[in-house]
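Working notes, beginning with the structure itself.
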Amino acid sequence: MSGLPIISADQRLAEKKGIKGCLFGASGIGKTSQLWTLPAESTLFFDLEAGDLAVEGWKGDAIRPRTWQECRDFAVFIGGANPSLRDNQPYSEAHYKAVCEEYGDPAKLDKYDTIFIDSITVAGRLCFNWCKGQPQAFSEKTGNEDIRGAYGLQGQEMIGWLTHLQHTRNKNVWFVGILDTKLDDFNRKIFAAQIEGSKTGNELPGIVDQVITMAEVPAQDGSTYRAFVTHTINPFGYPAKDRSGRLEVMEEPHLGRLMEKIKGEAKPISERLTYDKPDTFTPTAESTNNSNKGD
């Protein structure tokens, strides 16, 4: 009988862990150009945009999926099989073996530490086009197209794909995406990832470790400069998240050095668990009345 499969603290800390993150920004801000900040010999460019003019001359390797099936095949080839899935499901052991027969020995991926996927926006379009041809996208009663069914399937497919890549523990995986600017019902500016369907955009921040927005931000002298916005609470309202606790609100727009900082020495617990609070507290009439009620 085998023992309780507990992973000790020493074992857990010794594991090679990759960073999983999203890099969002407006079109033309320089997201794809972040490839130049990564070591070419250990980075695989997952080129879905087929628009690599910004990195022409970059010496790294690339793959160019053209269909959603190929996106799924590359994901299972990179991440391995999920043993909890049935053989007729994507990312299962059967799927992995079939892909290995087609692509060869997966050990050829060992030299890559980082997978740079550009972009999740295009991946969502490929996925949605595939979903529109599946049985779930047609009404069982009339046989007519059911767009709600297509969007429902697309959400499941995208979350499954992202989650499988997120579980590739020993590699860094970065999803690049376009950030849209919209106005809400109160005419306030809001930002959202440009991805088909709402499910993927809503759940994506909870799947990855880091959400980074590359943006043009104002300087004190009235000029602007590009920066990475990394904290959920930021003065611009950009989508962001730092699960590492090692980053400042704004960081240099250099993905290579950002990853070094994320993997670097952690801040002391006392610093990671502090919360901003006002310097002074001015009682209001309501707070005074409430406090008197408790006397």
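For the reader, a short list of remarks on this structure follows.
- Pairing residues of the range 213-238 that are without any contact (Cβ under 8 Å) to a residue 40 or more places away in the chain and open to solvent by 50 Å² or more (accessible area, probe 1.4 Å) with residues that are part of a loop (DSSP other than H, G, I, E, B) and not hydroxyl-bearing (Ser, Thr, Tyr), at Cβ distances under 7 Å and at least 6 apart in sequence or on separate chains, gives Tyr225/Ala219; His231/Ala240; His231/Val249; Thr232/Ala240.
- Scanning the range 239-254 for residues that are touching a Phe, Trp or Tyr at 6+ places or on another chain (Cβ under 7 Å) and of a type outside the set (D, E, K, R), we see that the one that is most open to solvent (accessible area, probe 1.4 Å) is Met250.
- Residue that is nearest to Ile78 (Cα to Cα), among those in the range 123-154 that are touching a residue at least 60 places away in the same chain (Cβ under 8 Å) and open to solvent by 30 Å² or more (accessible area, probe 1.4 Å): Leu126
- Qualifying residue in the range 177-199 (condition: crowded, with 16+ Cβ neighbours inside 10 Å, touching an Asp or Glu at 6+ places or on another chain (Cβ under 6 Å) and not polar (S, T, N, Q)): no
- Residue match in the range 42-54 (condition: in a helix (DSSP H, G or I), surrounded by 14 or more Cβ atoms within 10 Å (Cβ to Cβ), over 17 Å from the mean Cα position of the chain (by Cα) and at pLDDT below 95): yes
- Selection within the range 61-98: residues that are open to solvent by less than 20 Å² (accessible area, probe 1.4 Å) and not in a helix (DSSP H, G or I). The member of this set that is nearest to Cys22 (Cα to Cα) is Pro65.
- Restricting Val76, Val55 to residues that are touching a residue at least 24 places away in the same chain (Cβ under 8 Å) and on the phi < 0 side of the Ramachandran plot narrows the list to Val76.
- Test: residue in the range 99-109 that is open to solvent by 40 Å² or more (accessible area, probe 1.4 Å) and in contact with a Lys or Arg (Cβ under 9 Å, 6 or more places away or on another chain): no
- Screening Glu260 with (1) exposed (fewer than 14 other Cβ atoms within 10 Å of the Cβ); (2) modelled with pLDDT of 90 or more; (3) not in a helix (DSSP H, G or I) gives one miss only, at (3).
- Within the range 11-23, the presence of a residue that is part of a loop (DSSP other than H, G, I, E, B), modelled with pLDDT of 90 or more and either open to solvent by 60 Å² or more (accessible area, probe 1.4 Å) or touching a Cys at 6+ places or on another chain (Cβ under 9 Å) (or both) is excluded.
- Flag if Glu157 is surrounded by 12 or more Cβ atoms within 10 Å (Cβ to Cβ), of a type in the set (Asp, Glu) and either free of Cβ contacts under 8 Å to residues at least 24 places away in the same chain or over 17 Å from Pro253 (Cβ atoms) (or both): yes
- Residue within the range 228-237 that is β-branched (Val, Ile, Thr) and touching a Ser or Thr at 6+ places or on another chain (Cβ under 6 Å) present: yes
The values are calculated or read from the model by the stated rules, or taken from the named source; none is laboratory data. Just so it is clear, the structure is predicted and the values come from calculations on it, not from any experiment. When we count neighbours, we look across all protein chains shown, and the Cβ atoms used for this are built from the backbone with ideal geometry, even at glycine. The accessibility values were calculated without ligands, DNA or RNA, using every heavy atom of the protein model including side chains. Shrake-Rupley method; radii C 1.70, N 1.55, O 1.52, S 1.80 Å.
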